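The values are calculated or read from the model by the stated rules, or taken from the named source; none is laboratory data. Given the structure is predicted, the values throughout are model-derived calculations rather than measurements. Note that each Cβ is placed from the backbone with ideal geometry, even for glycine, and that neighbours are counted across all protein chains shown. Surface areas here come from the heavy atoms of the whole protein model, side chains and all, with no ligands, DNA or RNA. Shrake-Rupley method; radii C 1.70, N 1.55, O 1.52, S 1.80 Å.
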There are 4 protein chains.
Amino acid sequence: MTAEIGPNRYGKSAIRLVRVDRAGPAHRVRDLTVAIALEGDFAASYVDGDNSLVVATDTMKNTAYALAAEHLTGSIEAYATELGRHFLREEQVTTATVTVSELAWRPIGSAPDAFSRDHSSARTCVVAVSRDRVDVDAGIADLVVMKTSKSAFSGFPRDEFTTLAETEDRLLATKVSAVWRYVEGAAVDYDASFEAVSGTMLDVFAEHHSVSVQASIWIIGKAIVERHPEVAEVTMTLPNLHHWTADIERFGIPNDRQIYVSTTEPHGLIQATVRRS
Amino acid sequence: MTAEIGPNRYGKSAIRLVRVDRAGPAHRVRDLTVAIALEGDFAASYVDGDNSLVVATDTMKNTAYALAAEHLTGSIEAYATELGRHFLREEQVTTATVTVSELAWRPIGSAPDAFSRDHSSARTCVVAVSRDRVDVDAGIADLVVMKTSKSAFSGFPRDEFTTLAETEDRLLATKVSAVWRYVEGAAVDYDASFEAVSGTMLDVFAEHHSVSVQASIWIIGKAIVERHPEVAEVTMTLPNLHHWTADIERFGIPNDRQIYVSTTEPHGLIQATVRRS
Amino acid sequence: MTAEIGPNRYGKSAIRLVRVDRAGPAHRVRDLTVAIALEGDFAASYVDGDNSLVVATDTMKNTAYALAAEHLTGSIEAYATELGRHFLREEQVTTATVTVSELAWRPIGSAPDAFSRDHSSARTCVVAVSRDRVDVDAGIADLVVMKTSKSAFSGFPRDEFTTLAETEDRLLATKVSAVWRYVEGAAVDYDASFEAVSGTMLDVFAEHHSVSVQASIWIIGKAIVERHPEVAEVTMTLPNLHHWTADIERFGIPNDRQIYVSTTEPHGLIQATVRRS
Amino acid sequence: MTAEIGPNRYGKSAIRLVRVDRAGPAHRVRDLTVAIALEGDFAASYVDGDNSLVVATDTMKNTAYALAAEHLTGSIEAYATELGRHFLREEQVTTATVTVSELAWRPIGSAPDAFSRDHSSARTCVVAVSRDRVDVDAGIADLVVMKTSKSAFSGFPRDEFTTLAETEDRLLATKVSAVWRYVEGAAVDYDASFEAVSGTMLDVFAEHHSVSVQASIWIIGKAIVERHPEVAEVTMTLPNLHHWTADIERFGIPNDRQIYVSTTEPHGLIQATVRRS
């Protein structure tokens, strides 16, 4: 009986990098958290304890800062691609995956050099660079949204453990985590596409009538795929952050969808991919 | 040798409450986290195990929801005051302190019934209601701001453990936690005053030249007290979220205040009160 | 151009459940966080907004509590299996995946009815129940361990961005997340096996000489596979929680591997599977 | 109208320090998080932007590491006292407050050089060093405990918003945060006293019959003050982490204090000081 090494990857995570562009009349702040992971011919580092091909994760960190000077001038996808490509110069690396999360900083008033951080959502990307292809996933995370009407949930099966009432008018809240994959090889303006896809997501979220979180994912995802030809598929992971009507009517106080108890646990969790067919 | 009960308070925390106002053409979402704490003649509940005067914290929670229907129509300060007053009807209560933190929800586009949460800062208040006075503290929390120029730190003493270089041009970042106390008994438009004081804080943060976090607190605090007569004092607690220039010049790459390592620990922490004299 | 629904799953997460067994002379506390996810014929719920086959996640939550009375009498794997099987009675469900994390509560002294929670690690399982098979993954999470000797890292490649010094004696610290899959269909005493595998993991971690985190994963994983025939493979995800020697020698104070700066970000991250070959 | 500077303090927080003692046959790991705050004649640093008396917080950090080599050989209280005293050599400093939180690392088996971290609670101290006195607070934080019997809550007042049922047998769970102040100037063996006071706390928690969290604080606090003459007072802050009996009887499943829903929000919060009289 013996053992072998299976799938493996290694790298550096939580590299915190801020870039300040000072060239224009107003500064611009970029705020990134970067992770780098390498896959390839690393079995010897496990089985034989041979480090001769193991790029140190400390070196990866240094490289992230070093390459930011020249290459973090546009989209995070472009920077991630350059960073991933850099590690492919090592023969033992077959895929370098670079994950980036960016927080936006907004100017304070008209000041050119003062900013406040918009922590309401993060823009993300995962770029997997191999010798023969580059896969680019873009996304948005931690975006908390709510519909105060046009949301229902009814018609579901009832069994001996079902107590939930059917409702044609519930409050729907979720923290959006969405990742969309760009068509491989497509020429994409990543910044423009991020704005456009995010815009579609928010617009359709606001406009549509939801009969379930599942149906909402479909309606939003379908719109994204249909309106944005550069998107091959989109995966949404949506917790259902339940808001229960506060039971104050037992105190003789009317509560027509006005006062809610908001909760974080337990929560529903719905995940699905909508793809071009 | 014997023991006695000293200062004590009790109540309910982390009451999560959402109110949706549906009257106008567009809905409005209020998102509050509420804590209630009572002080008064409660020694018997400790020393004698006598619960006859102990308003249950579960009752406090119910009351927060019940009173929200009628009283959460304006500022959180007004709601907190009403909630605090409610508990004073119990003779044993001398002070009811209500703490509220509110997150803003912004309409998505022009939709009347879809919102995204602005998690970039929280508006807070602490209202202490006694029989003879009401003390109102308002505040802002979790507001992360940065100055990319006009920030220095030099002229500090050097001893055998000092290694920090003096700098006339550093990146200054902090997460603002500010609390200001309104003049007792003043007629204050809490919503208007919150906007005005927050505006002063941001404006002065952006405009001033900082020679230290301490000096920034003074300059901002002085402006608040001088421009807003309803404010008796303001206390700011500012971590210094250090951003170190990434040492990429050792790789031959210039770095003129462009690429930074952002950090969270350790961090400086400066707290001071500026008050009307 | 049109769209289709791809991979999807839905369910309830963060179900917090405590069970107190009061039958014996001393009580026993079980503290579980449960998640349930269903996969199957749910496309209509997305594409057509048809909820007729959508077991409500609220029903899942109720079921978790209801079945805990009869079935949470032994291992979390047994409970998860029963819970998963329950949902297979619905024809549209092809796989029910139940994830459980359990925290241990230790008796305080010899008291039969007082406990303190051991938050030092969590025991986990992921049980995927299908009609033709049950896959059981067991694991341990959040276990923070350290080696103060017998850890090195040298012989790695150096390039223009490499600054890390080679070391034959570093402090190695990591937060273990390990998941092992039991051989499908094997008769396993899950509680006994968890103790045995965890024991092997800790013993080998303590005893072995580490030349890298990669080599440690191999040595520990190989021992697990070799000593525990019921384990088909084990996947370890190990952050490298760097501890840097504090540079106090510049102050004339010797520091022979004594005083360290412990850090959380950035951190290395090494993940690999060791499997029976 | 003018402004003045009020109470103020500044310093460095979240200094992460690990010390490994390698002298004995087995190593010993100390894992500290340290904060330093100075008060004194610092008004000029605010009002005049004069940094000439402002010890840099970076220097404070360096000093924490530098002094750990010589002074972190016994209790955290002794180290904190030395660290605080160091800053009093600066004339402008009137009080240096050093806060320490220590996590324990337990040997793995009989290994002399491998450890796992016990994250179940933290030992804390706050030492305020002035020229004429040293105030030492010791404490324990994040200790989660539960009583599965001998806990009741009844006899509380009922008003129009009261819905909580009286109970003679509830599950009581809390996360203990306790701080006790040593009699000023007393010769205390801090390590021994910490063990003794913690032991009393746990013993009495386990043994006593609780009619409320308030009564529990009194009974535990009184025992601490009575049994440990070096303790002048103890302050306990106890959230009431509610565990609600899961309503599965509606499904025909008996539930005699067996299956509970554990919750984190909202929670009761009771804080009181018991002092020597």
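Kirkwood analysis of the Cα pair distances in the stretch A:93-160 returns a hydrodynamic radius of 16.4 Å. The accessible-area ordering, largest first, of the residues C:Ile219, A:Ile253, B:Ile270 stands as C:Ile219, A:Ile253, B:Ile270, per a 1.4 angstrom probe. Remark: label point of D:Pro7 defined 7 Å out from Cα along the Cα-Cβ vector; separations to the same position in other copies 0.8, 5.6, 5.6 nm, ascending. The count of lysine pairs in chain D that are at least 8 places apart or cross chains, and whose C-alpha atoms lie under 25 Å apart, stands at 6.
Across the stretch C:150-220, the convex hull enclosing all Cα atoms gives 119 Å³ per residue.
For the residues of B:29-41, the average number of beta carbons from a partner chain within 10 Å of their own beta carbon is 2.
In order along the stretch B:265-273, phi translates into HN-Hα couplings of 9, x, 9, x, 8, 10, 10, 7, 10 Hz, rounded to whole numbers, per the Karplus curve 6.51 cos²θ - 1.76 cosθ + 1.60 with θ = phi - 60° and x for Gly and Pro. Rounded to the nearest 100, the interface formed by chains A and C buries 6200 square angstrom of accessible surface, both chains summed, with a 1.4 Å probe.
Using the Stokes-Einstein relation with a Kirkwood hydrodynamic radius computed over Cα pairs, the translational diffusion coefficient of the stretch C:162-277 at 4 °C and a viscosity of 1.567 mPa s comes to 81 µm²/s. For B:Asp50, the residues whose modelled amide H falls within less than 5 Å of its own, excluding neighbours fewer than 5 places apart on the same chain, are B:Ser45.
For B:Val183, nonlocal amide neighbours, meaning residues 5 or more places apart or on other chains whose placed amide H falls under 5 Å from its own, are B:Val231, B:Ala232. Using only Cα atoms, tell me the angle between helix C:76-88 and the longest principal axis of chain C; keep it within 0 to 90° and round to the nearest 10. With both axes taken from Cα atoms, the answer is about 40 degrees. With the label put 7 angstrom out from Cα along the Cα-to-Cβ vector, C:Gly252 ends up 4.0, 8.1, 8.5 nm from the copy partners, going from closest to farthest. For the peptides B:103-111, B:82-90, the ranking by packing is B:82-90, B:103-111, with the highest mean count of neighbouring Cβ atoms within 10 Å listed first. Taking a ≥ b ≥ c as the square roots of the eigenvalues of the Cα gyration tensor, the stretch A:1-136 is classed as prolate, since a/c reaches at least 1.5 and a/b is larger than b/c.
In the stretch B:15-67, the ratio of gyration radius to Kirkwood radius, Rg to Rh, stands at 1.22 when only Cα atoms are counted.
Can you compute log10 of I(q)/I(0) for the stretch C:96-236 with the Debye formula, treating each Cα as one identical point scatterer, at q = 0.22 Å⁻¹? Evaluating at q = 0.22 Å⁻¹ gives log10 I(q)/I(0) of -1.31. Under 10 Å from the Cβ of C:Arg30, count the other residues' Cβ atoms, weight Lys and Arg +1, Asp and Glu -1, and hand me the total. Net charge in that neighbourhood comes out at -1. Peptide B:196-202 has a mean shielding of 1, counted as Cβ atoms of other protein chains within 10 Å of each residue's Cβ. Over the protein assembly as shown, accessible surface divided per residue gives 37 Å², non-protein components excluded, 1.4 Å probe. Positive contributions from Lys and Arg (+1) and negative ones from Asp and Glu (-1), summed over other residues with Cβ under 14 Å from the Cβ of C:Gln92, come out at -4. For D:Ala246, nonlocal amide neighbours, meaning residues 5 or more places apart or on other chains whose placed amide H falls under 5 Å from its own, are D:Ile259, D:Tyr260, D:Val261.
C:Asp21 contributes an accessible area of around 40 Å² to the protein surface, as traced by a 1.4 Å probe with all chains present. Note on the stretch A:29-168: with neighbouring protein chains present and a 1.4 Å probe, carbon and sulfur make up 48 percent of its accessible heavy-atom surface.
Here the accessible area of the stretch A:196-277 is 53 percent carbon and sulfur, with a 1.4 angstrom probe and all protein chains present. Remark: spin-label model distance C:Asp191-B:Asp189 equals 6.8 nm, labels positioned 7 Å along the Cα→Cβ axis. For chain D, the dipole from Cβ point charges (+1 on Lys and Arg, -1 on Asp and Glu) about the Cα centre works out to 560 debye, to the nearest 20. Count Lys and Arg as plus one, Asp and Glu as minus one, and take only other residues whose Cβ is under 12 Å from that of C:Lys222; the net charge is then 0. Sparsely packed loop sites in the stretch A:129-197 (the GluC sites (Glu not before Pro) outside DSSP H, G, I, E and B with at most 16 other Cβ atoms within 10 Å) comprise A:Glu160, A:Glu166, A:Glu168, A:Glu184. 3J(HN,Hα) along the stretch B:174-189, derived from phi through the Karplus expression 6.51 cos²θ - 1.76 cosθ + 1.60 where θ = phi - 60°, amounts to 8, 9, 6, 10, 10, 9, 10, 9, 7, 4, 4, x, 5, 7, 10, 8 Hz, with x in place of Gly and Pro. Counting only other chain Cβ atoms within 10 Å of each residue's Cβ, the peptide A:149-156 averages 5. Take D:Thr94, move 7 Å from Cα toward the beta carbon, and the resulting point lies 2.7, 6.9, 7.4 nm from the same point in each other copy, nearest first. Compared with the dominant principal axis of the Cα atoms in chain C, helix C:213-227 is inclined by about 50°.
By the Kirkwood approach, averaging reciprocal distances over each pair of separate Cα atoms, the stretch C:46-103 gets a hydrodynamic radius of 12.6 Å. When the alpha-carbon atoms of chain D are used, the pair Rg, Dmax equals 23.0, 75 angstrom. For the protein assembly as shown, the C-alpha radius of gyration divided by 2.2 N^0.38 Å, with N the number of residues, is 0.94.
Working note: Karplus 6.51/-1.76/1.60 with θ = phi - 60° gives the stretch B:249-255 the couplings 5, 5, 9, x, 9, x, 8 Hz, where Gly and Pro are set to x.
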